[in-house]
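Each remark here refers to the structure printed beneath this line.
No value in this document is a laboratory result; all are computed from the given coordinates. Quantities reported herein were computed from a predicted structural model and do not represent experimental measurements. Don't worry about glycine lacking a Cβ; one is built from the backbone with ideal geometry, like all the others, and counts go over all protein chains shown.
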Amino acid sequence: MRKTREDSELTRQAILDAAERMFCERGFAATTLDAVSRAAGVTRGAFYWHFKDKTEVLAALHQRSFLPQEQILAGVADAGPDPLGCLLDATVEALQSFEQDEGRQRIFRIMSNLTPAERNDTLARLDAEMRALILRIMQRARDNGTLHPDFTPHEAQIVLSVTVVGLLREWLRSGKGFPLASFGGRLLRRQMDLLRAAPTAGRMTRPPGRASPAIKH
């Protein structure tokens, strides 16, 4: 029985590996279940034993990966007294991890190319949670006086969201034509400087002793 379970899990992973490659190369809509089954070296019956349809495969691919948005969400669960600094640190760390993980890059490419009709509830919820979290952080920065008065929290959320997603997409579109973490980190720091209010007496923009994470060049 143990061997059967191990074989079943190997088959499931083979299907997911094949689907990940084909969704990335051909697109989700253009990839058929037959093509995935052939690429995985399994029968249609074996495919349907593990998955009901392509949407279920897509959800399983997402579950075994960790998208940059999710890493940022986890990294700023407690923003502390410097919400903008905490958000910057988490975002730069997410870029560094993404740059080194080809599996996460493929999943992001697949998810980014989905049409609205193809996106499942999990992805829609993740996007909404990401926007809501950044908005809450910007509201906290406004409330403690660290957000520049020229920007509303909603405007600041748009600036950061567009920058991060744009960086990831352009890096992949350009064939990784620039160092994502080092260039992206510098760009994000410039943007945070733009969004951050000038320090006033008695208030620091970053708690004492907390340095910005080093960016690899």
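A few points about this structure:
- In this structure, the amide hydrogen of Arg196, modeled 1.01 Å from its nitrogen in the peptide plane, lies closer than 5 angstrom to those of His148, counting only residues at least 5 positions away or on a different chain.
- Coordinate range along principal axes, alpha carbons of the stretch 91-131, Å, largest first: 30, 21, 11
- For the stretch 2-63, the Kirkwood radius over C-alpha pairs fed into Stokes-Einstein at 20 °C and 1.002 mPa s yields D = 186 µm² per second.
- For Asp53 and Glu9, the FRET efficiency from 1/(1 + (r/R0)^6), where r spans their Cβ atoms and R0 equals 25 Å, is about 0.80.
- Positive dipole terminus of the stretch 68-195, leading residue within Leu135, Ser161, Ile107 (C-beta point charges): Ile107
- Alpha carbon convex hull of the stretch 68-195, volume per residue in cubic angstrom: 101
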